[in-house]
Amino acid sequence: MVTSENLPADVRSRVDVPATERQQATPAEETAELVDWSPFGRVVPILAASPGAGATSTAVAIADALQLAGRSVLLVDAGDPVRSGLGRAARADGPRRDGPGPAAGIRFSRRARAVLARLDVADLAAEAVLFPPPPYWHPGGGRGVDVTVVDIGHDPWRLASDPALGPGQWLRVGSPSPIPALVVRPTVPALAHAEQVLARLAPWVRAGTVTPPTQLLVVGARQWPKGVAGTAGRRTSVLLPEAVFFPHNHEVAAHGITADVTPSSLRTPADQLLRSWRVLPQRTRRRRARWPRHARDSNGRVADHDTG
């Protein structure tokens, strides 16, 4: 099992300090130590500009597109269990691994051929919950991971207060470099929230501690409604030209994420996004992987055909 000795020195020193004595750090106090992300392949953290933005459905669509392209995928659900949108993303819960403290651990399950790793917090924990650093989230057992998709699923304002602790650790500068994306709704308030999140992260970016989001994902539309994009702030406006749109899907909106494969309307932009990032190659005639035969969609149809 991974121990605190395997963690970066600046994180280890703060994880080992009791929560009652831990002081909030500032970017100037951080050591820009590169993280070795190679055990996780390419790391794709998905942030939400605001609650309900659609980060969970977007992260799962990306993970599903990857495994249908034949990639080994780790899908990380870093959100608080009571706020998680992935509680039904697997057909059965798998084994639990303790984190740095007994109050918080990781539960590993299967979503088709992908590994789903979810934060698991003990009920009535008697001690402060220490968020498990990334090494604890690797499934181990010699399992290779091509891509790790992280649904940060956390209040972005709180996350950006100290990215060296909590889910913000998935944004840490390292090799290969993470590819963070920021999810927004196609509304004026959503763009305002996005600007605030980017501004909140800016000091950590300047300090070389975290990798900034360079991709905007717009959930719930095929294009910007009239008059919305023009309200973007200075930081967000830079991301507008390359924004990727994930259209509204009634089934996902009504029922949330289940163990069924996400609809093709969501996987298609996810697939295009992954190819633009060069996480997936340009299209070839190679046959794509199939969703397991037992996985059925909401209408009871077997989703084991070539869905590319």
Ranked from fewest to most other Cβ atoms within 10 Å of their own Cβ, V73, V188 fall in the order V188, V73
With Rg and the Kirkwood Rh both taken from Cα atoms, where does Rg over Rh land for segment 32-276? 0.94
Distance between modelled label sites at D98 and R222, nm, 7 Å Cα→Cβ extension: 5.4
Evaluate the relative contact order of segment 32-276 (contact order divided by residue number), counting alpha-carbon pairs under 8 angstrom at least 6 apart; express in whole percent. 27
Ranking of T262, T268 by count of other Cβ atoms within 10 Å, fewest first: T268, T262
Could you give the radius of gyration (one decimal) and Dmax (whole number) of the Cα atoms in segment 145-218, in Å? 12.2, 38
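We did not get these values from a lab; they are worked out from the coordinates using the rules stated. Bear in mind that the values here come from a model prediction, so they are computed numbers and not experimental data. Ideal geometry is used to build each Cβ from the backbone, glycine not excepted, and the neighbour counts take in all protein chains shown.
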